[in-house]
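This report refers to the structure that appears directly beneath it.
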Amino acid sequence: MPETAAPKTPVDFWFDPLCPWAWMTSRWVLEVEKVRDIEVHWHIMSLAVLNEDRLDQLPEEYRDMLATQAWKPIRVVTAAWQKHGEDVLGPLYTALGTRIHNQGEGATLEAIAGALEEVGLPASLLDYAEQEDFEFDAELRASHKEGIEKVGQEVGTPVIAVPGADGEQVAFFGPVVTPAPKGEAAARLWDGTLLVASTPGFYEIKRTRTQGPDFSNL
């Protein structure tokens, strides 16, 4: 009998399409998918939900961004997921992120509409962007809670979770990296990240960011 290929390692990735650092990390994970036996499963989380109880602690510019931009794309992505299934999340995230970040359009209604059209989703999903009583708010919050509870409230997006050696999930925030590594460099970062994240008692490596997100190689 022919040998059956070993199943790929599932990688769960929680994102908010507005976050440029999550976008960088997501492009790195897709590069890893080419050179390691992993399969990425996309989930949503929300910067607006994450910060809604601590707005008074945030800079005014960030509060304004959350109020004017953060809800629109995540609501549309959530509605697309609920109405058309989880398989639309990856392609829609790519279409949205390319417009928001790489092309510098921001989280505008025009950018969201263009992303929906690119992946063949109904234009009517745009109606959810500014829906005050959001129909799928409970589902959005449940997905956000699932991801953030794996790593704690002190971090944000992205959250990545993989099976550990003992069968329990190993989850971590990040890595925050720019530009997104390619090829074997992407694989080395993946291997190293899993190594430190799976070490009992390990919590953090960090240094001051001296460079903003670099989308030039995406």
Using beta carbons and a limit of 6 Å, which pairs, at least six apart or on different chains, have the first residue in region 192-216 and small (Gly, Ala, Ser) and the second one surrounded by 10 or more Cβ atoms within 10 Å (Cβ to Cβ) and part of a loop (DSSP other than H, G, I, E, B)? Ser198/Gly164
Could you list, in sequence order, all residues of region 179-193 that are open to solvent by less than 60 Å² (accessible area, probe 1.4 Å) and part of a helix (DSSP H, G or I)? Gly183, Ala185, Ala186, Ala187, Leu189, Trp190, Gly192, Thr193
Six or more apart or on different chains, Cβ atoms under 7 Å: show the pairs whose first residue is in region 125-140 and closer than 19 Å to Leu96 by Cβ and whose second is of a type in the set (A, V, I, L, M, F, W, C) and outside any helix (DSSP H, G or I). Tyr128/Phe134; Leu140/Ile44
Mind checking whether some residue in region 146-154 is part of a helix (DSSP H, G or I) and touching a strand residue (DSSP E or B) at 6+ places or on another chain (Cβ under 6 Å)? yes
Checking Val119, Val176, Val196 in turn, the sole residue that is open to solvent by 20 Å² or more (accessible area, probe 1.4 Å), among the β-branched types (Val, Ile, Thr) and touching a Pro at 6+ places or on another chain (Cβ under 7 Å) turns out to be Val119
Odd one out for Ala161, checked against (1) outside any loop (DSSP other than H, G, I, E, B); (2) over 26 Å from Glu52 (Cα atoms); (3) not acidic (Asp, Glu): (2)
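The values are calculated or read from the model by the stated rules, or taken from the named source; none is laboratory data. Owing to the predicted nature of the structure, the values given are computational and were not obtained by experimental measurement. Neighbour counts are summed over all protein chains in view; Cβ atoms, including those assigned to glycine, are modelled from backbone coordinates with ideal geometry. Calculation scope for accessible area: heavy atoms of the full protein, side chains included, ligands and nucleic acids excluded. Shrake-Rupley method; radii C 1.70, N 1.55, O 1.52, S 1.80 Å.
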